[in-house]
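Take a look at the structure below.
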Amino acid sequence: MRHLYLNCFDGISGDMALAALLDLGLPEAVLRDVLRALGLEHQVRLAVRATTQHSIGATALEVVCAAAQPLRRLSEILSLLGEARLPDGVRERSAATFHLLVEAEGRVHGVSPAQVNLHELGALDTIVDVVGFAAGLDHLKIQAVSASPVPWFTGRIETEHGFLSLPAPAVLELLRGIPIVPGERAEEIVTPTGAALLVVHAGSFGPPPAFRLKSVGYGAGRRAGSLLRAVLGEVEVAAEGSWEEIAVLETNLDDMDPRLYPPLLEQLLGAGALDAFATTVQMKKGRPGVQLTVLALPEKAGELCDLLLLETTSLGVRVQQLRRRVAAREIRRVDTAYGSVRVKLAMLAGRVVGANPELEDCRSLAQQRGVPLKVVMASAQAAAQAAYPVCRAGGG
């Protein structure tokens, strides 16, 4: 499994994160494709250059806008993402990042997310950083991301709201629940965009996992001496599968607006839940209701409980700790009549026991070739069966 570890020893910003992926080998053409997908190719220019920080070679990126940018609200950015020809996963992770930014700004200023003007965060360079980073992870086939604890920093910064003490209030809102360590710099080294990228993409914080190191990239920031180190490795997954401890969170609801469930499930997954789903149940006095179930690592249980209590009408969350058997997973590619498709294999005791084609790949091919999605899915499933004849169709 390809794993990206972000070593934020000198902080993180949107341009540093994207520059680090470029230094790892992400082609600039991928970012130009993002600009075209967003319809920004004539409004934005990418300035990529090699640089040196602390005698270490790195890549620096500047997103140069052709004109001054207006204030934008979340609805405008979501509309831009919705109209762009982007893979669903890239669009969803980008939207989740902007949702987090708006929610953090709203809490800081005491207004609803719909009333938040994103100021600097709505500028095109931020949009390119957020969407480009998600697209970069997708292109590099990175399946998991983790990060080091985030350094604390001090000082003041001038914003649209005037001078603010560092860390910026929105950064602190975004970093709730994330480990922070003392830093040495008296300047802004973690930006709201950088913090939001960590929250959305990083599944854990701490030392890197045990992996086989493949490559290292450095992204330079705008400040002198600022670096973000991105380490790409291959995590060895035991073929026989493994046991692990998980926390199961449950709460029953019968008085919540059903329109709130989809964004809530997205928010739970973005906050680190392993899975989150809603089940229709019959509650007291014959009322129909919904049982929310969240699966998480035990160390994330408290944070996710707080999120459920904050974002729902629940007054209590049941928590139990269980063991689960996990099949090892591998990503392989198979060739179909419509193109190459990633297939997720489930491994148990050295045997392939299941295979599922990646929906995103099949959907993209179906759109390109003008054929029904189910036809491409069936072709990919048949190709997986042919390549791995011991696998069970539809498993995994």
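General remarks:
- Under 18 Å from the Cα of residue 374 - aspartates and glutamates, other chains or at least 8 residues apart: 88, 335, 358, 360, 361
- Look at 90, 64 and count the other Cβ atoms within 10 Å of each Cβ; fewest to most, that gives 64, 90.
- Distance between the pseudo-spin-label points of residue 56 and residue 143 (7 Å out from Cα toward the beta carbon): 2.8 nm.
- Sorted peptide list for 207-216, 125-134, criterion being average Cβ within 10 angstrom, highest first: 125-134, 207-216
- Of 181, 294, the sequence from fewest to most neighbouring Cβ atoms within 10 angstrom is 181, 294.
- Dmax and Rg, reported as Rg then Dmax, of the chain (C-alpha, Å): 21.9, 70
- Here's the list of lysines a cross-link from residue 214 could span, going by alpha-carbon distance under 18 Å and ignoring same-chain residues fewer than 8 apart: 141.
- Overall Cα dimensions of the stretch 1-111, principal axis frame, Å, largest first: 44, 37, 33
- Note on residue 43 and residue 282: the extension gain reaches 80.7 nm, defined as 0.36 nm multiplied by sequence separation minus the Cα-Cα distance.
- The tail of the calculated P(r) for the stretch 242-326, taken as Cα-Cα distances beyond 19 Å, holds 35 percent of the pairs.
- Cβ-Cβ FRET estimate between residue 210 and residue 32, R0 fixed at 30 Å, reported to 0.05: 0.25
- For the stretch 198-293, size of Cβ-based charge dipole, Lys and Arg +1, Asp and Glu -1, in debye: 540
- Contact order, relative form, for the chain: 18 percent (alpha carbon pairs under 8 Å, 6 or more residues apart, mean separation divided by residue count).
- The lysines within cross-link reach of residue 284, meaning a Cα-to-Cα straight distance under 30 Å and a gap of 8 or more places when in the same chain, come to none at all.
- Per-pair calculated FRET efficiency, R0 = 35 Å: residue 79 and residue 313 via Cβ, rounded to 0.05: 0.75
A short reminder: the numbers here are calculations on the coordinates, not readings from a lab. Just so it is clear, the model here is predicted, and its values are computed rather than measured. Neighbour counts run over all protein chains shown; Cβ positions are idealised from the backbone, glycine included.
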